[in-house]
Structures are given as structure tokens and as C-alpha cells.
Amino acid sequence: MPAPGGPDVPPPHHDGGSSGDSRPDLVLLHGMGDSAHFFDNLLPALAAAYRVHAVDLPGHGPVARPLSPAEAAPAAMARVVRADLERAGVRSPNLVGFSLGGWVALEMAAAGYGRSVVALAPPGLWKTPPPAASAGARLVRAGGLRFVDPLAGVLARWPRLARLAVRGVVVDPAKVSIDQVVHSARDRRLAKGADAARRAVFGSRFENGAAITVPVCVAYGDADRIVPGPADHEALGPAARWVVVPRCGHAMSWDQPEACLALIAETAALAPA
């Protein structure tokens, strides 16, 4: 059955909390070419403190379709995701987004949705937007993960070889499970809207920072090859928190999961009751 937001957006993945559940809501927004499964390694820890809703962005996930340039814009994705979450009864969640999902989370907060935002390695906050042919954009498009999926059964027996595919996005590939590598490779094959999203992101900027009134934390890895710094701190209000995580590549929750969990907890604690 198609999701309410359109044929390419499955319903959010929920952790099954009851109606009397007192945990606050937390929404996870993945990056370009990924799916709701990107954050699987964080779910056990997050589910202990939050009702977790992992979302497939438009053009991504098991029922993805190609996106038009207008549909691929982060602000347009934010509207679709918000509508789906509100239909599911998720009214004021904490928002956590990685890469493209971080930009989408910022757009959602700028539109008045969400209690707090943690944006992990978000594009769009750069001082000068890089062109679609930039080194980071080329790495997104040609990343080794897309070659893994046809070989998944074989590579499960050679984990070191499988982890070679993630060297461009993490500092320490040994921290990434083989399941994560294989699942991410399949996500990239299914993400029919990823190329349109890449074109929408590289070459543009997030322009709505002044409208955000909730706590915001923006974090980058010190070894990020996809979205290199320096970021434009003036793109957000003076209350935004900016963090550089050491020994960390672009896929921050894979490289430094404990640091990401701490940032999420600290930012959510600042959210209004």
C-alpha cells in the first residue's frame, strides 16, 4: 500500500511504544542514497530513551522512485516527511538527521516542526556552495558501496574486503558491521531519487536558519571527505552549537556512535518541555 505522502515514501518505522509511553519522540533522517536502516546501530540505545521513528526520505527506501528537481529539494522533502509523521501522530519530536537528512531536519525546524535538531555532517551550511561536479559530490556518486550489493553473499566471508567500500566515509572501517555495509549497498541500488537529491544539494545553501527557534546542534567529523569545512556559522542563529568530532569521517554514527548518542541526549535535554 502506498504511504500517505506518495508512492515513494513508506510509513515511518516505529519502535512499537504503547499509547501510555512517556518517552519523547525522536525522528531519524538518513543521508543521500541511504534508508531508514542507516541508524540501525544506534537503535538499541536510542529506544531505551525515546520512541524512535526512522524515516525513508522521498526517493529512497524499498519503494523509491525518481524525483523531479523540485521534489528533490531538501525543503520539499521536509514537507513530505512532516506530513507523513503528523498523519502518524508524531507532533513534536526531536529531530536527528545525517547528511542530507540533517539539512531536511533543519528545514523542518525552520518551518516550525520539532523540539530540537541534531544535524550530523549536513550539507548546505557551507560558505560557498560547491558545484555538482565537486570532489565531494563525485565521491557520493561513485562511492564503493554500489559495487558491494551483487557480491554480498561472497563478501560476508571476507569482512575486510567488504569494509573497503566504506573507507571514503569513515576513519575506522572496522567499526562498521558487515550487515551495515551490505544493507547500505542495497539501499544505494534502490535509491532512485539519490541522483536528483545530489544535484539539488550541491550548488545550493540552507537559507532559513533565522527561522529556527529550537535547540540545534551541528556536528562534523574532522576527517569528513564529503562535506568538508569550514561551515558558515552565520547560517544559523547564535544559539546553535557547533561541534567537531575527532577521528570521524562523514558517516558519523558509524565512526563515532557514542559521540553521536551523547550529542543527541544533550540536545534533546535542552528542548522545551
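Before moving on, here are some points about what is shown:
- Boolean, Ala142 is over 20 Å from Ala78 (Cβ atoms), at pLDDT below 90 and in contact with a helix residue (DSSP H, G or I) (Cβ under 8 Å, 6 or more places away or on another chain): no
Here's the yes/no breakdown for (1) under 15 Å from Asn208 (Cα atoms); (2) more than 13 Å from the chain's Cα centre (by Cα):
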residue: Pro66; (1), (2): no, yes
residue: Ala70; (1), (2): no, yes
residue: Val81; (1), (2): no, no
residue: Leu100; (1), (2): no, no
residue: Val104; (1), (2): yes, no
residue: Gly112; (1), (2): yes, yes
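- Restricting the first member to the stretch 27-50 and to residues that are at negative phi, and the second to residues that are of a type in the set (Ser, Thr, Tyr) and part of a helix (DSSP H, G or I), the beta-carbon pairs closer than 8 Å and six or more apart or on different chains are Asp34/Ser184; His37/Ser184; Phe38/Ser184; Phe38/Ser253; Phe39/Ser253; Asn41/Ser253; Leu42/Ser253.
- When the stretch 222-242 is filtered for residues that are over 16 Å from Val96 (Cα atoms), modelled with pLDDT of 90 or more and open to solvent by less than 30 Å² (accessible area, probe 1.4 Å), the ones remaining, listed by number, are Asp224, Asp232, Ala235, Leu236.
- Residue count for the stretch 64-94, restricted to those that are open to solvent by 60 Å² or more (accessible area, probe 1.4 Å) and farther than 21 Å from Ala200 by Cα: 2.
- Of residues in the stretch 37-57 being open to solvent by 10 Å² or more (accessible area, probe 1.4 Å) and in a loop (DSSP other than H, G, I, E, B), the one nearest to Lys192 (Cα to Cα): Tyr50
- Yes/no for Ala105 being at pLDDT 95 or above and in a helix (DSSP H, G or I): yes
- Taken residue by residue, the stretch 163-173 has at least one member that is under 20 Å from Trp254 (Cα atoms) and of a type in the set (Asp, Glu).
- Scanning the stretch 22-35 for residues that are open to solvent by 10 Å² or more (accessible area, probe 1.4 Å) and outside any loop (DSSP other than H, G, I, E, B) yields a single hit, Asp25.
- Count of the stretch 184-207 residues, restricted to those that are surrounded by 24 or more Cβ atoms within 10 Å (Cβ to Cβ) and more than 24 Å from Glu107 (Cα to Cα), is 2.
- The stretch 227-242: number of residues that are within 12 Å of Trp126 (Cα to Cα) and either out of contact with any strand residue (DSSP E or B) (no Cβ under 7 Å at 6 or more places or on another chain) or of a type in the set (A, V, I, L, M) (or both): 7
- The single condition from (1) among the charged types (D, E, K, R); (2) without any contact (Cβ under 8 Å) to a residue 40 or more places away in the chain; (3) in a loop (DSSP other than H, G, I, E, B) that Glu86 fails is (3).
- Residue ID - nearest to Leu125 (Cα to Cα), chosen from residues in the stretch 208-221 that are surrounded by 15 or more Cβ atoms within 10 Å (Cβ to Cβ) and of a type in the set (A, V, I, L, M, F, W, C): Val218
- Considering the conditions (1) open to solvent by less than 70 Å² (accessible area, probe 1.4 Å); (2) closer than 27 Å to Leu263 by Cα; (3) at pLDDT 80 or above; (4) not aliphatic (A, V, I, L, M), Gly136 is excluded by exactly one of them, (3).
- Residues of the stretch 85-98 satisfying the condition of being small (Gly, Ala, Ser) and touching an Asp or Glu at 6+ places or on another chain (Cβ under 8 Å): Ser92
- Residues that are open to solvent by less than 10 Å² (accessible area, probe 1.4 Å) and over 18 Å from Pro24 (Cβ atoms), drawn from the stretch 100-117: Leu100, Gly101, Gly102, Trp103, Val104, Leu106
The values are calculated or read from the model by the stated rules, or taken from the named source; none is laboratory data. It should be emphasised that the depicted structure is a prediction, and the values quoted were computed from it without experimental measurement. Methodologically, a virtual Cβ is constructed for each residue, glycine included, from the backbone with ideal geometry; neighbour enumeration extends over all protein chains shown. The protein model used for the area step is the full one, side chains on, heavy atoms only, and it has no ligands, DNA or RNA in it. Shrake-Rupley method; radii C 1.70, N 1.55, O 1.52, S 1.80 Å.
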